[in-house]
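Here is the structure we will look at.
No lab work stands behind these numbers, since they all come straight from the coordinates. This one's a predicted model, so the numbers in the text were calculated from it and none came from an experiment. Cβ coordinates were reconstructed from backbone atoms using ideal geometry, including for glycine residues, and neighbour counts include every protein chain displayed.
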Amino acid sequence: MLVTAALDAARRVTTEVPLPAGGRTRRRWQVLAVLAAQDLTTARVVEAHLDAVAIRAEAGLATPDGTTWGVFAAEAPDVRLDATPGDGDGWRLTGTKPWCSLAGDLTHALVTAHTAAGRRLFAVDLAAARADGTAEVLPDRWHSRGLVDVPSGPVAFRAVPADPVGEAGWYLRRPGFAHGGIGVAACWFGGAVGVARPLRRSERHDPLTRRSRGTVEHHLWTARLALDHAAAAVDAGAAGGPAGELLALRTRTVVATAAEAVLTEVGHALGPAPLTLDRDHAARVADLTVYLRQHHADHDLAALGERAGQTGPEDEQWPW
């Protein structure tokens, strides 16, 4: 029921939420954050759908009314998805793709696959492929206690028809790749706001509780400033190429760090009661904990350090 409502929400907002880099990016991320503060499952579904809509728009493609989309671009060392040319301009996808969120419910997906020229993005009619048996969702791999209603297991493709979206390598090179990554961070921020609300509403006013509220306020304000700065940079056209990669790494790191700090601080301040007696709060904590693992922790920090080390004084208004 919750996923059905989330998919309905995704359909409704397809044309209502502004595309990134069009002057209203802050509003786009604000919508995602508000949804995430209310319910992370809904935000997770809507964010992926809107990301697919933005990718298609960046490629000059409209999104058909009534469709729901995901973006399956993850890789894993033990599986591989290959694309081979078929008849005419069509392609066929064969192999297994990991981390395919809601592949059993979405009508369509954008999927990356390996070609002779490198990784390339393709559009797939999932509903048709499920119906004829050429796409098989493997649900027995999803054992998460967070985002339990958004199974993200692997999908086996058997010569599934696919339409190319952009040239080989375009998916990662395009400016919108950084924009989409920051959109996920907006959901992390909203999720952290939702986790923090029981502390904000608490009637306790002892010094330690006031300190915890102040700490949480500090982290959330820092994350919000980072998102506001990123939205302004995206709308100013200053978030493409290496600059966009650096902006996304910085923003995602700031927001993920803040969200993890909020999880810890709220847990310390309120103790076990809300985690065990408040169903919504317990679910929200579990959901955010899983969602935050889209940030790759030390790996992303190392990438940030490498990228920051490549900038010179002329690249920064406030250099080290």
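For every helix of n ≥ 4 consecutive DSSP H residues, a contribution of -39,500 (n - 2.57) applies; sum these over the chain, divide by its total residues, and give [θ] at 222 nm rounded to the nearest 500 deg cm²/dmol. Each step should come with its number before you reach the end.
On the way: 11 runs with 170 residues, N = 320.
My calculation for the chain gives -17500 deg cm²/dmol from helical runs alone.
Determine the dipole magnitude for the chain: charges of +1 sit on the beta-carbon of Lys and Arg, -1 on that of Asp and Glu, nothing else is charged, the reference point is the Cα centre, and the result goes in debye to the nearest 20. Show your work: numbers first, answer last.
Values: 33 positive and 37 negative charges, 146 e Å.
It works out to roughly 700 debye.
From zero up to wherever the largest Cα-Cα distance of the chain sits, split into 20 Å bins and tell me the percent of pairs in each.
Calculated P(r), rounded to whole percents: 31, 57, 12, 0.
Under the Kirkwood approximation for Rh and a Cα-based Rg, what ratio Rg/Rh is obtained for the stretch 182-244?
Numbers: Rg = 15.4 Å, Rh = 13.4 Å.
The Rg/Rh ratio comes out at 1.15.
What does the charge count around ASP149 come to, taking other residues whose C-beta lies under 15 Å from its C-beta (Lys +1, Arg +1, Asp -1, Glu -1)?
On the way: positive: ARG44, ARG145, ARG279, ARG284; negative: ASP8, ASP39, GLU47, ASP105, ASP280, ASP287.
Cβ neighbours under 15 Å give a net charge of -2.
Could you please report the charge total around GLU203, scoring K, R as +1 and D, E as -1 over all other residues with beta-carbon less than 13 angstrom from its beta-carbon?
Net local charge, GLU203 excluded: +4.
With r defined as the distance between the Cβ atoms of ASP65 and GLU203 and R0 fixed at 45 Å, what FRET efficiency is calculated, to the nearest 0.05?
Values: r = 48 Å, r/R0 = 1.06.
Between ASP65 and GLU203 the formula returns 0.40.
Sticking with the crude label model, points 7 Å out along Cα→Cβ, report the distance from TRP99 to GLU217 in nm, one decimal please.
Once both label points are built, they end up 3.7 nm from each other.
What is the extension gain from VAL148 to ARG80, computed as 0.36 nm multiplied by their sequence separation minus the C-alpha to C-alpha distance, in nm to one decimal? Walk me through the intermediate numbers first.
Numbers: separation 68, 0.36 × 68 = 24.48 nm, distance 2.52 nm.
The span from VAL148 to ARG80 would gain 22.0 nm if fully extended.
Please compute the net charge surrounding PRO164, taking Lys and Arg as +1 and Asp and Glu as -1 over other residues with Cβ under 9 Å from its Cβ.
On the way: positive: ARG120; negative: ASP89, ASP163, GLU167.
Charge balance near PRO164 sits at -2.
Run the simple label-point estimate for GLU16 and ALA116 please: 7 Å along Cα→C-beta, distance reported in nm.
4.7
Given the options ALA196, ALA231, ALA129, state which has the largest fluctuation in a GNM of the chain using a 10 Å cut-off (strictly under) for Cα springs.
Ranking ALA196, ALA231, ALA129 by mean-square fluctuation puts ALA129 first.
Largest first and in whole Å, what are the equivalent-ellipsoid semi-axes of the stretch 185-320 based on the Cα gyration tensor, each being the root of 5 times an eigenvalue? Numbers along the way, then the final one.
Details: eigenvalues 208, 46, 32 Å².
Value: 32, 15, 13 Å, ordered largest first.
I'd like to know which of LEU277, ALA185, LEU247 lies farthest towards the positive end of the charge dipole of the stretch 172-315, counting +1 on Cβ of Lys and Arg and -1 on Cβ of Asp and Glu.
LEU277
Once fully extended, how much extra length lies between ALA131 and ALA302, figured as 0.36 nm per residue of separation less the alpha-carbon to alpha-carbon distance?
Values: separation 171, 0.36 × 171 = 61.56 nm, distance 4.34 nm.
Separation in residues times 0.36 nm, less the Cα-Cα distance, equals 57.2 nm.
Could you rank the peptides 283-291, 183-191, 6-14, 298-306 by their average count of other C-beta atoms within 10 Å per residue, with the highest value first? Please report the intermediate quantities before stating the final value.
Working: 283-291: 21.3, 183-191: 27.8, 6-14: 17.8, 298-306: 12.3.
Top of the packing list down: 183-191, 283-291, 6-14, 298-306.
How high is the relative contact order of the chain, in percent, counting Cα pairs under 8 Å that sit 6 or more residues apart?
This gives 19 percent for the chain.
Between ALA168 and ALA156, how many nm apart are label points set 7 Å from Cα along the C-beta direction?
So the label points at ALA168 and ALA156 sit 2.8 nm apart.
If packing is taken as the average number of other Cβ atoms within 10 Å across a peptide's residues, how do 200-212, 81-93 rank, most packed first? Spell out each step's value before the answer.
Values: 200-212: 11.0, 81-93: 15.6.
Ranked from most to least packed, the peptides come out as 81-93, 200-212.
Can you list residues whose amide H is under 5 Å from ALA109's amide H, if they're 5+ apart or on another chain and H is modeled 1.01 Å from N?
Excluding prolines and chain starts, which carry no amide H, the hits are GLY70, VAL124, LEU126.
Could you tell me what % of all Cα pairs in the stretch 37-154 have separations over 18 Å? Walk me through the numbers before you get to the answer.
Numbers: 3666 of 6903 pairs.
Cα-Cα pairs in the stretch 37-154 separated by more than 18 Å: 53 percent.
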